[in-house]
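Heads up, the thing below is written out as structure tokens.
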Amino acid sequence: MHDLKTYKVAAPKPVTLKGRFVTLEPYDRDVHLEALWEALGGEGINDLIRYFPNENYATADEFGTWLEGAQANLSFITLVARENASGKIVGMASYMRPDPKNGVVEVGSVAHGEAMKRSPMATELHYLMARHVFEDLDYRRYEWKCHNENEPSKRTAVRYGFTFEGVFRQHVISRGANRDTAWFSMIDGEWPVIKAAFEAWLSPENFDADGSQKRRLEDIRAEIGRA
């Protein structure tokens, strides 16, 4: 437990986080934009980010202008995922809306390219980002929010260990339409179990010769929680 009378943490900053499958790098337009655009589907990116509040993008430059603007005041820190085996860019995710006074930050603008979907890279990305939040930054709460109609995102949040907290009705207007927002979180007291489950799932022993998982992340976490 923190002594909250003296609790003080800093805002997240651009950081490099290296795992076994993937390395996360701070977004740099000159280094990442074209490769990220292609990894996310080129003009097909608009299908991938249809639940983002952003407008559609016709070119990589338009996408880059949004990303650059979002980084402007460090309230939005995008990390780009690079596959360790191939060196290719495969996706992105961002730390958003940091609240250092209360030790809260959100993960958002998550976009996994085809090479990353349903792979250990996607799971490791979120393990690395959560570990940085709780262990390096000493934050108390890590949030995941998504459009309430985005069922894949809601299932993914639960799989990673986030707890569903409810729906904010008529939360925002997104793309000219109402958006109800589903809220999820994990907190520092839950992190040891969530971390242990991530690491057990990501370990080489949890994959067969074809690269398929032997045990589901949710099952591992439930087993550790009962121990």
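The values are calculated or read from the model by the stated rules, or taken from the named source; none is laboratory data. What you see is a predicted model; the values in this text were computed from it and never measured. All Cβ positions, even for glycine, are placed from backbone atoms using ideal geometry, and neighbour counts span all protein chains on display.
Kindly indicate the residue of segment 79-115 that is touching a residue at least 60 places away in the same chain (Cβ under 8 Å) and in a loop (DSSP other than H, G, I, E, B) and also surrounded by the fewest Cβ atoms within 10 Å (Cβ to Cβ) among those meeting that condition.
85
Report whether or not residue 147 is within 17 Å of residue 108 (Cα to Cα), buried (at least 19 other Cβ atoms within 10 Å of the Cβ) and either of a type outside the set (A, V, I, L, M, F, W, C) or free of Cβ contacts under 8 Å to residues at least 24 places away in the same chain (or both).
yes
Within segment 73-106, can you find the residues that are more than 24 Å from residue 185 (Cα to Cα) and touching an Asp or Glu at 6+ places or on another chain (Cβ under 9 Å)?
Across segment 73-106, the qualifying residues are 82, 89, 90.
Mind checking whether some residue in segment 19-27 is in a helix (DSSP H, G or I) and either under 21 Å from residue 106 (Cβ atoms) or touching a residue at least 24 places away in the same chain (Cβ under 8 Å) (or both)?
No, every residue in segment 19-27 fails to be in a helix (DSSP H, G or I) and either under 21 Å from residue 106 (Cβ atoms) or touching a residue at least 24 places away in the same chain (Cβ under 8 Å) (or both).
Taking residue 199, is it part of a helix (DSSP H, G or I), surrounded by fewer than 16 Cβ atoms within 10 Å (Cβ to Cβ) and touching a helix residue (DSSP H, G or I) at 6+ places or on another chain (Cβ under 9 Å)?
yes
Which residue, of 80, 107, is at pLDDT 95 or above and either among the acidic types (Asp, Glu) or closer than 16 Å to residue 145 by Cβ (or both)?
107
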